[in-house]
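Engineer: Quick one: the structure is below, and I'll ask about it shortly.
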Amino acid sequence: MADEIKTLSAELARDPQSLVFLRLADLLRQRGQLDAAHRVALNGLERHPHLADAHDLYARILADKRDYERAFDEWDMARRIAPGHMGALKGLAFLYFKVGDVAQAVAHLEEAERVAPDDFTIQQALAMVRGQPMGSAAARPAGHAAALRPDAPPSPPVPEEPMAPPAGPLEDRRVFAGLEGAQEGLLLLDAAGRVLGGALRDWNGADVTEAVAAYLAGVSLEAGRTAKLLGFGAWTGLAAEGQLGHVHLAQPGPDALLLVVRDRSVPMGRLAIIAQRAAMAARRWLEQQA
């Protein structure tokens, strides 16, 4: 492998536009040289921004570095460029499974199976995912999520890191400490509309936390009633697109409501990932307060 890396590095130095960067970066990734792999992949991506394989490669490196949100963006872009891209479909399935969204993981794997019906690895992944309960990814062994990884051979094993903040005493307003938008764009409420954590600002920068909280009081109850009337069963989340931004509502506990707000530059799929991570953090915090 070392000799091949030297050969590919020399070839890329002679011709910076060469596609050998794909193989070179992947070899570096497999050796655990993630920073070097990151540089090679990013340089190649800058030269070939419309190459789906380049986005897929960069996403795999980001996933190895535990940068899951940016990995989601790259796999989402690869899929936009090439809708049936196997690496992107399997990568997105991996991320959805990791945050506990089993339905989305299954949907992406089923799409991958339609593209490559004879791929035994997809069939294995589908069988494994379908046997998992909804929303229980955090409690599964790391090997289960690893089985969904879109790359082969896998990177050297690295201990899994929690996607939510570690357990410990938290201040009321620091429910989302360590998460993106911890004090802006995330809001946790109780059933009466009392703010438990997070904060919101409007597009002019004014604090609207309390006003939004008051407006959302009772929304969880109404959503439950509506879902029941429509025969949808228990509701787990609601998403809406606006002219300036997107919102996502979730229920991290029986008497709690989570609101996530992002601008329109954030894809709805990524918003769902952010909401899942925030819900995990909120659920852990609520359990600590019980």
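Engineer: When you scan region 1-60 for helices (runs of 4 or more DSSP H) that lie fully inside it, which ones turn up with 1 or more residues that are of a type in the set (S, T, N, Q) and over 21 Å from Arg80 (Cα atoms)? Steps first, please.
Structural biologist: Details: elements: 2-14, 20-30, 34-47.
It comes to 2-14, 20-30.
Engineer: Out of (1) within 23 Å of Ala279 (Cα to Cα); (2) at pLDDT 85 or above; (3) not in a helix (DSSP H, G or I), what's the single condition that is false for Pro83?
Structural biologist: With (1) within 23 Å of Ala279 (Cα to Cα); (2) at pLDDT 85 or above; (3) not in a helix (DSSP H, G or I) applied to Pro83, the lone miss is (1).
Engineer: A follow-up question, please. Kindly provide the set of residues from region 98-120 that are surrounded by 15 or more Cβ atoms within 10 Å (Cβ to Cβ) and of a type in the set (Val, Ile, Thr), ordered by number.
Structural biologist: Answer for region 98-120, where residues must be surrounded by 15 or more Cβ atoms within 10 Å (Cβ to Cβ) and of a type in the set (Val, Ile, Thr): Val99, Val102, Val106.
Engineer: Quickly run through region 236-269 and pick out the residues that are buried (at least 19 other Cβ atoms within 10 Å of the Cβ) and basic (Lys, Arg).
Structural biologist: Passing the criteria: only Arg262.
Engineer: Something else about it: Name the pairs: first residue in region 24-49 and not assigned by TED's automatic domain parsing to the domain that holds Leu12 and surrounded by 15 or more Cβ atoms within 10 Å (Cβ to Cβ), second residue modelled with pLDDT of 90 or more and not aliphatic (A, V, I, L, M), Cβ to Cβ under 6 Å, at least 6 apart or on different chains?
Structural biologist: So the pair list comes out empty.
Engineer: Return yes or no: is Leu200 at pLDDT 75 or above, under 24 Å from the mean Cα position of the chain (by Cα), closer than 26 Å to Glu69 by Cα and assigned by TED's automatic domain parsing to the domain that holds Leu258?
Structural biologist: Yes; evaluated as a whole, the condition is true for this residue.
Engineer: Out of everything in region 237-268 that is part of a loop (DSSP other than H, G, I, E, B), out of contact with any Leu (no Cβ under 8 Å at 6 or more places or on another chain) and without any contact (Cβ under 8 Å) to a residue 60 or more places away in the chain, what residue ends up being nearest to Arg225 (Cα to Cα)? Don't jump to the end; show me each part of the working.
Structural biologist: Just the residues of region 237-268 that are part of a loop (DSSP other than H, G, I, E, B), to begin with: 242-244, 254-255, 264-267.
After this cut, where a residue has to be out of contact with any Leu (no Cβ under 8 Å at 6 or more places or on another chain) as well, the list is 242-244, 254-255, 265-267.
In the following step, the residues that additionally are without any contact (Cβ under 8 Å) to a residue 60 or more places away in the chain were identified as 242-244, 254, 265-266.
Numbers: Gly242: 24, Gln243: 28, Leu244: 29, Pro254: 14, Ser265: 32, Val266: 30 Å.
It comes out as Pro254.
The values are calculated or read from the model by the stated rules, or taken from the named source; none is laboratory data. A quick note: this is a predicted structure, and the numbers were derived from the prediction, not measured. Methodologically, a virtual Cβ is constructed for each residue, glycine included, from the backbone with ideal geometry; neighbour enumeration extends over all protein chains shown.
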